[in-house]
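The values are calculated or read from the model by the stated rules, or taken from the named source; none is laboratory data. Just so it is clear, the structure is predicted and the values come from calculations on it, not from any experiment. Cβ placement follows ideal geometry from the backbone for every residue including glycine, while neighbour counts extend to all protein chains displayed. The accessibility values were calculated without ligands, DNA or RNA, using every heavy atom of the protein model including side chains. Shrake-Rupley method; radii C 1.70, N 1.55, O 1.52, S 1.80 Å.
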Amino acid sequence: MALERTFSIIKPDATRRNLTGKINAKLEEAGLRIIAQKRIKMTKEQAGKFYEVHKDRPFYDELCEFMSSAPVVVQVLEGENAIAKNREVMGATNPADAAPGTIRAEFAESVGENSVHGSDAPETAAVEIAYFFSGTELVG
Ligand code: CDP
Ligand code: MG
């Protein structure tokens, strides 16, 4: 299988607790290469547009507040099967259901404040990468 790219966010609960390096180590140990990365602080509007697919869900407003409450680290990860591999190392959305050793099992605080975001399909990965990075920032 060809190299694939996915989009990742280290969320505010994790940056607040200074966990960027520990999370990056987990990603790298899983065979994912961090080919682009920057620390930014999203506005609530930016978070709202990013999570627009969830706009009718009951947690949407709280999610957008949370994602704009402190800095995040946005990343592009590259590797064989990167989208599925990243979802695997992230663990289930609810940390109570996340497999041992996954990022969310080790670090997440709750279903909402769950330390990381990862794209769920090639189409969403492409859109999410382009939302935060220009082509010249991606050096594989
Ligand atoms: O992040 P993931 O793809 O695993 O889950 P999602 O279903 O796409 O939901 C996006 C984000 O919304 C989650 O990562 C949580 O931060 C938040 N969420 C929440 O606060 N409460 C839920 N019941 C489900 C999701
Ligand atoms: Mg999702």
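Couplings 3J(HN,Hα) of region 64-80, computed from phi: 5, 4, 4, 5, 10, 7, 6, x, 10, 10, 9, 9, 10, 10, 10, x, 5 Hz, in residue order, whole Hz [Karplus 6.51 cos²θ - 1.76 cosθ + 1.60, θ = phi - 60°; x for Gly and Pro]. The chymotrypsin sites (Phe, Trp or Tyr not before Pro) of region 39-127 that DSSP puts in a loop, and whose beta carbon has at most 13 other beta carbons within 10 Å, are F59.
Quick one: go through region 105-137 and flag any residue whose amide nitrogen is under 13 Å from the point 7 Å out along the Cα-to-Cβ line of D97. Answer for this model: 111-112.
Placing pseudo-labels 7 Å out from each Cα toward the beta carbon at T43 and E109 gives an inter-label distance of 2.5 nm.
The stretch between E28 and D61 holds 8.7 nm of extra length on full extension. This uses 0.36 nm per residue minus the Cα-Cα distance.
With R₀ set to 22 Å, the beta-carbon distance separating S134 from A70 gives a calculated FRET efficiency near 0.35.
Compute the Rg/Rh shape ratio of region 4-140: radius of gyration over Kirkwood radius, all on alpha-carbon atoms.
0.93
Accessible surface comparison of V72, V139, probe 1.4 Å, protein chains only, largest first: the order is V139, V72.
What region 73-134 shows is 42 Å² of accessible area per residue, with the surface traced by a 1.4 Å probe over protein heavy atoms. Pairs of Lys residues in the chain are counted when their Cα atoms are under 17 angstrom apart and they lie 8 or more places apart or on different chains; the count is 10.
Going by accessible surface with a 1.4 Å probe and the largest first, T136, T124, T6 read T136, T124, T6.
Solvent exposure of E29, expressed as accessible area, is near 150 Å², computed with a probe of 1.4 Å over the protein chains only.
The listed residues K22, K11, K85, once ranked by accessible area (1.4 Å probe) with the largest placed first, stand as K22, K85, K11.
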